[in-house]
Amino acid sequence: MPRPSDVRNDSLVNAADLAATGSRLERTYSSSDLPRLAEAGVLGASTLQASFRFSQYEGHPAVDGTLVGRVSLTCQRCMGTVEIEIDERFGVLIVGADRADEPGGYEPIVADTARLDLRWLVEDQALLALPLVARHADERCGELNEEPVEREASARNVQRPFQNLRDMMRKR
């Protein structure tokens, strides 16, 4: 994934130094800090709290992290707003070149250890945590938003263009 060019200074860290000292960092990001979430359909103002624990693994900086928050998406069933809880744990290993294996359960990412962009890392993890299809847990979510009169009116106005197709096929 391409890294954003407009990186804020507090978002860049030296992962090698932090891993050498076993440091921990906490950051809070709003949806305005993470523009790719808006492109993925996140609505309004959301806040994500990220926690990072740096360590060394096989000579590379490793990051064990958590991402917690709530985002608003459009329900693909009823087109209303649905709140999605994000509570993700992740582990990444910062490497200089692509690797096919997952050493120690870490997901390898190619990044500059001297200039790791935490905002980019949080954005990637949040995108991975979003559901493929956002929807309410209740199967009747579309019905819950309509009044009974509206449901009856929409049932009468339903068009069924292929309703007589079976009869037409039998006549041939």
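The values are calculated or read from the model by the stated rules, or taken from the named source; none is laboratory data. Fair warning: this is a prediction, and the values are worked out from it, not measured in the lab. Cβ atoms come from the backbone with ideal geometry, glycine included; neighbour counts cover every protein chain shown.
Count of the range 77-111 residues, restricted to those that are under 30 Å from G59 (Cβ atoms) and touching a Pro at 6+ places or on another chain (Cβ under 8 Å), is 8. Count of the range 38-87 residues, restricted to those that are within 14 Å of the chain's Cα centre (by Cα) and under 20 Å from S23 (Cα atoms), is 5. Selection within the range 47-77: residues that are farther than 23 Å from G91 by Cα and out of contact with any Cys (no Cβ under 8 Å at 6 or more places or on another chain). The member of this set that is surrounded by the most Cβ atoms within 10 Å (Cβ to Cβ) is L73.
Do we have V122 as at pLDDT 75 or above and not in a loop (DSSP other than H, G, I, E, B) here? Let's see the steps before the verdict.
Values: at pLDDT 75 or above: yes; not in a loop (DSSP other than H, G, I, E, B): yes.
For V122, the condition - at pLDDT 75 or above and not in a loop (DSSP other than H, G, I, E, B) - is met.
Could you please find all residues in the range 21-44 being in a strand (DSSP E or B) and either touching a Gly at 6+ places or on another chain (Cβ under 7 Å) or within 17 Å of A134 (Cβ to Cβ) (or both)? Spell out how you get there, then give the answer.
Step one: list which residues in the range 21-44 are in a strand (DSSP E or B), which gives 24-30, 43-44.
Answer for the range 21-44, where residues must be in a strand (DSSP E or B) and either touching a Gly at 6+ places or on another chain (Cβ under 7 Å) or within 17 Å of A134 (Cβ to Cβ) (or both): L43, G44.
Restricting the first member to the range 111-122 and to residues that are polar (S, T, N, Q), and the second to residues that are surrounded by 18 or more Cβ atoms within 10 Å (Cβ to Cβ), the beta-carbon pairs closer than 7 Å and six or more apart or on different chains are T113/A15; T113/P61; T113/I94.
Checked against (1) closer than 20 Å to L34 by Cβ; (2) touching a residue at least 60 places away in the same chain (Cβ under 8 Å); (3) of a type in the set (A, V, I, L, M, F, W, C), I86 passes all but condition (2). Within the range 88-115, being of a type outside the set (F, W, Y) and within 21 Å of the chain's Cα centre (by Cα) holds for E88, R89, G91, V92, L93, I94, G105, E107, P108, I109, V110, A111. Might you let me know whether the range 136-147 holds any residue that is more than 24 Å from Y29 (Cβ to Cβ), in contact with a Lys or Arg (Cβ under 8 Å, 6 or more places away or on another chain), surrounded by 11 or more Cβ atoms within 10 Å (Cβ to Cβ) and modelled with pLDDT of 85 or more? Yes: the range 136-147 contains one or more residues that are more than 24 Å from Y29 (Cβ to Cβ), in contact with a Lys or Arg (Cβ under 8 Å, 6 or more places away or on another chain), surrounded by 11 or more Cβ atoms within 10 Å (Cβ to Cβ) and modelled with pLDDT of 85 or more.
Regarding E88, is this residue charged (D, E, K, R), in contact with a Leu (Cβ under 6 Å, 6 or more places away or on another chain), closer than 30 Å to C141 by Cα and outside any helix (DSSP H, G or I)? Quick ask: steps written out before the conclusion?
Details: charged (D, E, K, R): yes; in contact with a Leu (Cβ under 6 Å, 6 or more places away or on another chain): yes; closer than 30 Å to C141 by Cα: yes; outside any helix (DSSP H, G or I): yes.
Taking the combined requirement at face value, the residue satisfies it.
Any residue in the range 4-18 that is at pLDDT 90 or above and closer than 26 Å to A137 by Cα? Within the range 4-18, not a single residue is at pLDDT 90 or above and closer than 26 Å to A137 by Cα.
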